[in-house]
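Scroll down for the structure; my scribbles are underneath it.
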Amino acid sequence: MAEVTVARIHLATPHRDRLTVRARKSRDGRMHYRMVHEGAAHKIRIRPEVSAKPLSFDRLVKLIDGAHYENACADPYDRECYGNVIWGTLRLQFEHGVAGADEYLYFATVQSEQYPQLEAYYRERVAQWCLEHCEEEEDCGKVVRMKLRRG
């Protein structure tokens, strides 16, 4: 059967990374999933790769949240911090980028025709991440840097 796009992920990196979650129904009726980084050769690991029926909203979120780049970093610490497709990339960009934290509130856009609530869900999650990981500069009240940095 034809492969369909389940979700599109746009990351506000300098390369404007685009990823898709794709599904294909096999002859035995099972759904096979994969995540593709458009225009890049990065291998991405996801779970589940196969399910008996289409994923529920919660299972799709777990698949996206758990997606990580295979062999992204040699150092286990870096792999844990930065290997995750959305949250690791967000952390890497924030720690090494030049923009203030407020600009990262729209770092990840996740959209789906089948799961229309996905975009608002991830918008809220990214905002929560910024609040949990960033701190304000005392004088301006603007979020400007990470609370915890690798030390």
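The values are calculated or read from the model by the stated rules, or taken from the named source; none is laboratory data. Owing to the predicted nature of the structure, the values given are computational and were not obtained by experimental measurement. Here the Cβ positions follow ideal geometry from the backbone for every residue, glycine too, while neighbour counts run over all protein chains shown.
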Could you tell me whether region 56-69 includes any residue that is modelled with pLDDT of 95 or more, over 16 Å from CYS130 (Cα atoms) and assigned to a strand (DSSP E or B)? no
Considering only region 104-111, I want to know if a residue exists there that is surrounded by 11 or more Cβ atoms within 10 Å (Cβ to Cβ) and either at pLDDT below 65 or of a type in the set (Lys, Arg) (or both). no
Could you list, in sequence order, all residues of region 128-143 that are surrounded by fewer than 15 Cβ atoms within 10 Å (Cβ to Cβ) and either among the β-branched types (Val, Ile, Thr) or modelled with pLDDT of 85 or more (or both)? GLN128
